[in-house]
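Coordinate-derived values only; no laboratory data. Since the structure is predicted, the reported quantities are computational estimates derived from the model, not experimental observations. All Cβ positions, glycine included, derive from the backbone under ideal geometry; neighbour counts span all protein chains shown.
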Amino acid sequence: MKDRLFIFDTTLRDGEQSPGASMTKEEKLRIARQLEKLGVDVIEAGFAAASPGDADAIRTIAETIQGSTICSLARANERDIHAAGGAIKPASRGNRAGGRIHTFIATSPIHMEKKLRMQPDQVVEAAIKAVKLALEYTDDVEFSAEDAVRSEMDFLVRIFDEVIKAGARTINVPDTVGYSIPALWGERMKQLIERVPSADKVIWSTHCHNDLGMAVANSLAAVMNGARQVECTINGLGERAGNASLEEIVMAVRTRKDVFNCDTRIDATQIVPSSKLVSTITGYPVQPNKAIVGANAFAHESGIHQDGVLKHRETYEIMRAEDVGWHANRLSLGKLSGRNAFKTKLSELGIVLDSEEALNAAFARFKDLADKKREIFDEDLQALVSDEGYATDHERYKLVSLKVCSETGEVPHAQLVFTDEGVERQADGTGSGPVDATFKALESVVSSSANLLLYSVNNITRGTDAQGEVTVRLALGDRVVNGQGADTDIVVASAKAYLHALNKLHSKRERAHPQV
């Protein structure tokens, strides 16, 4: 019997801390449903004390998800613990996997002195108190020693022993700043398990950041030395250089069964759909050469490789593309498909629309898309539903029409009609290209004073008729937001994305960045 390796997904918390990736409650719920379908053991749904919006999102996810444990992060203080406990409360009702509070405090000398301004004894006392308070809400409490990578071993042994005595069931050892290397990280995990007196009473976990590009390697080194939970994110999303990639952890353990005496309950065929959904919602595209989920992950350009694969797949492929969800994404619908078939397909993809009005609007957009594209894919449908959400969520501005003239030797010109609080406004502008002209035309009327930090275009599927998915990142003061738009015309998609970002900047409902 292989050991169970628990997958703790923090896409909705740590992943959301990427600049501009802050999600709405509805977007978080869509991802949570997909994570449940993927088979994730623990979903860290957010940081309840960060904002009322985050607490509400965690609560909604806890009410909805049944197959995964729902977790909230909390600093080791009373306010955070109470907020987290209230947010996960619905997860303990009915036939659900339950709720978890994940409390943490920094343990490295530099953090204790410079950030916390606390003595080691005070830190231990705060950790014990936090765990005991969390137990009033749930018997599933996880404790993390922030910046464990730079913490003194003797102090880690002491504080872990104390919180286990207090009732913590999972002990997380994080490389918060991405500083370690695999050999050292594996050895640290091994020593902790050997030296902490009650080590056999808990699940040991690891949470590695990717600042030196070794988050996955460090996580796997920890697994080889006794860790049985890995904290990771879809696509390796996360602040700075990101976190360990869930898809890489899962497939490394599954592919190298000769090395790892453990396995997960992840449904690997849901890996690619999960990757694409997170990319669509956050606006963070997946690089083509990304392991497992990149567009080129199973492509063979070299003649030697192609010849070998044609003769025997395993000459150059250690995994099957189908096993992680590639090539199973064509939608068996077309322009003659009915509304019920459309609704059924949405349900298969885990997409739940909250009203008949929303379903009707999405179906109308599907019909329009089916007239433009010969083949419709699952990714198209995900983008279509997301685009519908962009058009209605926090709506102040909405695109009505767009006309662009771009001719060799002539200055590109854009004319737009859009609504501002329901009132139609017209905009004209010129620029170095059709997209530049479109953005300048909008700014000539809106005058947002926002700085454009990022403009990115990615094809959702293959072919020249593929929808283009555009991400626009705007900054205004201390706020950074992403806007997305999709259309078979990338200039139209660009206008939608820019207006979506503006809507976020103007929305009072938009949640603050989790770290603010």
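Figures for the structure shown
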quantity	calculated
Within-13-Å neighbourhood charge of Met153 [Cβ basis; K, R +1; D, E -1]	0
Positive dipole terminus of the chain, leading residue within Ala297, Ile164, Pro52 (C-beta point charges)	Ile164
Set of lysines near Lys345 by C-alpha distance (under 26 Å), chain-local residues within fewer than 8 positions excluded	Lys25, Lys28, Lys37, Lys276, Lys335, Lys367, Lys372, Lys373, Lys496
Per-residue ³J(HN,Hα) for the range 9-14, Karplus 6.51 cos²θ - 1.76 cosθ + 1.60, θ = phi - 60°, Hz, x for Gly and Pro	9, 10, 4, 7, 10, 6
Residues whose placed amide H lies under 5 Å from that of Cys262, excluding near-sequence neighbours	Asp3
In Å, descending, principal axis extents of the Cα set of the range 28-124	43, 24, 21
Contour excess over end-to-end distance, with Cα ends at Lys129 and Asp267 and 0.36 nm allotted per residue	45.9 nm
Two-site FRET efficiency, Ser448 against Asp258, from Cβ-Cβ distance with R₀ of 51 Å, rounded to 0.05	0.35
Calculated FRET value between Tyr455 and Met118, using beta carbons and R₀ = 41 Å, to 0.05	0.40
Ranked by how many other beta carbons lie within 10 Å on average, peptides 441-453, 28-40, 114-126 from highest	28-40, 441-453, 114-126
Binned Cα-Cα distances of the range 394-506, short to long, each 5 Å bin given as a whole percent	2, 13, 22, 25, 21, 12, 4, 1
Nitroxide proxy distance, nm - points 7 Å out along Cα→Cβ at Asp368 and Gln426	2.2
Those lysines that a straight Cα-Cα span of less than 28 Å connects to Lys132, excepting residues fewer than 8 apart in one chain	Lys89, Lys114, Lys115, Lys165, Lys190, Lys201
Kirkwood Rh in Å, taken over all unlike Cα pairs in the chain	24.3
Gained length - Asn296 relative to Gln191, 0.36 nm times residue gap less alpha-carbon distance	33.9 nm
Mean ellipticity per residue at 222 nm, deg cm²/dmol - from DSSP H runs of n ≥ 4 across the chain, formula -39500 (n - 2.57)	-12000 deg cm²/dmol
Per-selection Kirkwood Rh - the range 3-64 (Cα, Å, 1 d.p.)	11.8
Extreme residue, positive dipole direction of the chain, given options Asn459, Ala106, Asn77 (C-beta unit charges)	Asn77
Pairwise centroid distance, computed over Cα atoms, of the range 428-458 with the range 41-95, Å	39
Cα-based reach from Lys440 at 14 Å (exclusive), listing aspartates and glutamates while leaving out same-chain residues under 8 positions away	Asp428
Signed unit charges on C-beta, dipole axis of the chain, positive-most listed residue Val445, Ser205, Ala241	Ser205
The range 3-282 - Rg over Rh from alpha carbon coordinates, Kirkwood radius	0.93
